[in-house]
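The values are calculated or read from the model by the stated rules, or taken from the named source; none is laboratory data. Worth saying up front: this structure is predicted, and the values here are computed from it rather than measured. When we count neighbours, we look across all protein chains shown, and the Cβ atoms used for this are built from the backbone with ideal geometry, even at glycine.
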Amino acid sequence: MFGFLRLALIRDGFFLFGEFIRFAINQEDCRKKWLAAVQETQRLQRELEKANQNITVLDAKLNHARRLLDKEKKKRLEAESNSTALVRKFNIFVCFSIHTQLRYMCKNIDQCWFSEMLFYVWS
């Protein structure tokens, strides 16, 4: 009877030892997978930091471009306003010139109404 018990203990002990070996191998595999996951997490964290830095740089560039665009827009509007004012002044000068020339060309009062009409039409 004791021989059977001894054989059972040896057999069970060997079984437990084999289970322990399998457990240890599984633990090593788990440790390697965990290490790979930690390294991947660190790599992704670095990439995220780089992406955030790039976003910050691009935001700064975008804000700078917007400021430049606003300045150019203001300058363009000012130039258009100046151009419109100059065109208006030039047209007034042309009308006044034509009016003056027509007045000198008029020989009698009946012909002068034409120059007056042109002055009001051009202005």
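Please verify whether residue 50 is modelled with pLDDT of 95 or more and in a helix (DSSP H, G or I), treating the condition exactly as stated. Spelling it out, residue 50 is indeed modelled with pLDDT of 95 or more and in a helix (DSSP H, G or I).
Can you find even one residue in the range 77-94 that is acidic (Asp, Glu), within 49 Å of the chain's Cα centre (by Cα) and either at pLDDT 90 or above or assigned to a helix (DSSP H, G or I) (or both)?
yes
Does residue 25 satisfy the condition of being modelled with pLDDT under 95, among the aliphatic types (A, V, I, L, M) and either surrounded by 10 or more Cβ atoms within 10 Å (Cβ to Cβ) or in a helix (DSSP H, G or I) (or both)? So residue 25 fits the description; yes.
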